[in-house]
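Each reported figure results from applying straightforward, stated rules to the coordinates on display, with no laboratory input. Source: prediction; values computed, not measured. All Cβ positions, glycine included, derive from the backbone under ideal geometry; neighbour counts span all protein chains shown.
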Amino acid sequence: MTALNERLPESLALTAPRFAEVNAENPAGVQAADDALLDYLLRTFVEPPKPRDVESARQPVVRRAHTVLRRKAVSTIVAAARKAGLRKEDLEVEAKVKGRTREWHLDLRIPRARRFLQHVLVLPEIEETYHEAAALARIWQDIRSRQRTSSLTAVFYSTNGVPKSKLKAGEELLAADDIEAVYSAQLPTHYGELLGQQKLPRGS
C-alpha cells in the first residue's frame, strides 16, 4: 500500500481501511497488483466521465456537410447563369431583400428580370427537404408582404440521386406561394427562358 500511495496524488492516498475495501473486490481474497489498483483509481476518480449522448458528436459533422452542399449549390446556380450568357453585372450574388420581419439573403438576384433564385437541398432524409421547401415558402411570404413585383425560382440541388417523383410534394408546397421549382440540371433551360422573356443582353 505504501508503494501505491507514493504513485498517487495526496488527495487520493489510500488509508488502510480503504485499501482493504478496494482489495476485497478481488475474487477469492487474492491481492491485486499495484498497477491494477492504480488503474482502477484513475478510472474511478480522475478520468472524465464518458459522454452520455453519443449522437451529439455527429451533429457538427452533419452541419459541416450541409454547409459544403450549400456552397456547391450556390456555385452551381451562379455558374449556370454565367454559362447561359448572363453578364456578371446582371447578377447579384447573396442578394439582400427586405421582408416584413427582417432582411433576408437569397442566393442570386437578376434585377433586370426581377427574379431571385434560391437553392433547396435534396437530402437523404426526404422530410428534411420538405422542411427546407416550407422554410423558403415562409420566407417568400414575408418578402412578398413588403413587395410583390419580383418572382422566385427554387432550385432543387441534389448529389444523392433522389428521384423527382419523391419531390412532388415539395414542388406543390412551393407552387402554393407562386414559387417556380426547377432542378439544378434544368438551370440552362431556365436561364435561356429568362433571357428570351426579358430580352436581357448576353455576355461575351
Relative packing of peptides 125-131, 174-180 - highest average C-beta neighbours within 10 Å first: 174-180, 125-131
At a Förster radius of 45 Å, what calculated FRET efficiency corresponds to the Cβ-Cβ distance of Arg87 and Ala134, to the nearest 0.05? 0.85
Everything considered on the Cα gyration tensor (a ≥ b ≥ c; rounded for a/c under 1.5, else prolate if a/b is larger than b/c, else oblate), segment 58-191 must be described as rounded
Difference of contour (0.36 nm per residue) and Cα-Cα distance, Glu172 to Arg144: 8.2 nm
